[in-house]
Every structure is written in structure tokens, then in C-alpha cells.
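In what follows, a structure is listed as C-alpha cells, so that the remarks can point back to it.
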Amino acid sequence: KIENAKTSFEDGVYSGAIYLAYQSLVNSAKALLLAENKKTNTHAGIISQFDELFIESGRIDLGTSFSEMIYQINKFAPTADFATRYIENANQFLDKVRTFRESQTQLLSKKAV
């Protein structure tokens, strides 16, 4: 989704780019929640569960809540400037999710040995 967001941005379709970045954020959060055996039925549920399980607990630090970051989509017009910031936020979030997941996988591997 994030690559599609970048393509939409390059094509000047800022609203599409922002929505694809939003989908990337939701999908990344959902992946971590599923790895924790949490049920993920709605976007709102994914967002609130992610905040509770990962942000409020300090397991992942975004410098803000996940809901604050993701719900910017409701506060700003779909301009090139906002699309740039939102896609960058989604990229940074994806990096943090990947890093977290890799560290968890390494811990599990060490315990299995």
C-alpha cells in the first residue's frame, strides 16, 4: 500500500496517496495485533487496540498516539504538503513495526534454542 501511495503522489493524486498511506498504517497495525492473537474487526478497533497494546505500554514509541497520527487524515485537506507528511509518517511507522517484529522474532528464536 505504501508503494502505491508513493505512486499516487507522483501522479498528483494526493487524496488517493493519503488514503493508501492510511491503509498501510492500518494494515501494519493489524499485522502486529494478529501476531499477538488479537481480534481485529474494524479500523477503529485496530487503532484503539494498537494504542492500548503497543503505544500506552511503551512497547513502541511514536512520539504520539497511533490514533493521533492516523486520524490526521480527518483534520487536513488532501494537499501535496499533507500527503508528503502523511506518507512519511506511514513510512516511519512501517519501519518501527518491522523493527519491533524482527526483535520479537529474534527473541522467540533464542527461546526455541
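The values are calculated or read from the model by the stated rules, or taken from the named source; none is laboratory data. Just so it is clear, the structure is predicted and the values come from calculations on it, not from any experiment. Here the Cβ positions follow ideal geometry from the backbone for every residue, glycine too, while neighbour counts run over all protein chains shown. Surface areas here come from the heavy atoms of the whole protein model, side chains and all, with no ligands, DNA or RNA. Shrake-Rupley method; radii C 1.70, N 1.55, O 1.52, S 1.80 Å.
When ALA90 is tested against (1) touching a helix residue (DSSP H, G or I) at 6+ places or on another chain (Cβ under 7 Å); (2) at pLDDT below 95, just one condition goes unmet, and that condition is (2). Among the residues of the range 76-104, those identified as under 20 Å from GLY12 (Cα atoms) and open to solvent by 90 Å² or more (accessible area, probe 1.4 Å) are PHE76, ASP81, ARG85.
In the range 10-19, which residues are open to solvent by 30 Å² or more (accessible area, probe 1.4 Å) and under 18 Å from ASN74 (Cα atoms)? Scanning the range 10-19 gives VAL13, TYR14, SER15, TYR19.
Criterion first (open to solvent by 30 Å² or more (accessible area, probe 1.4 Å), modelled with pLDDT under 95 and assigned to a helix (DSSP H, G or I)) does GLN72 satisfy it? So GLN72 does not fit the description; no. Taken over the range 37-65, the criterion of being assigned to a loop (DSSP other than H, G, I, E, B), over 16 Å from TYR22 (Cβ atoms) and among the hydrophobic types (A, V, I, L, M, F, W, C) is satisfied by ILE60 alone.
Residues in the range 45-62 that are open to solvent by less than 20 Å² (accessible area, probe 1.4 Å) and either charged (D, E, K, R) or in contact with a helix residue (DSSP H, G or I) (Cβ under 6 Å, 6 or more places away or on another chain) (or both): 5 in all. Considering (1) farther than 21 Å from GLU102 by Cβ; (2) modelled with pLDDT under 95, the lone condition that LEU32 does not fulfil carries the number (1).
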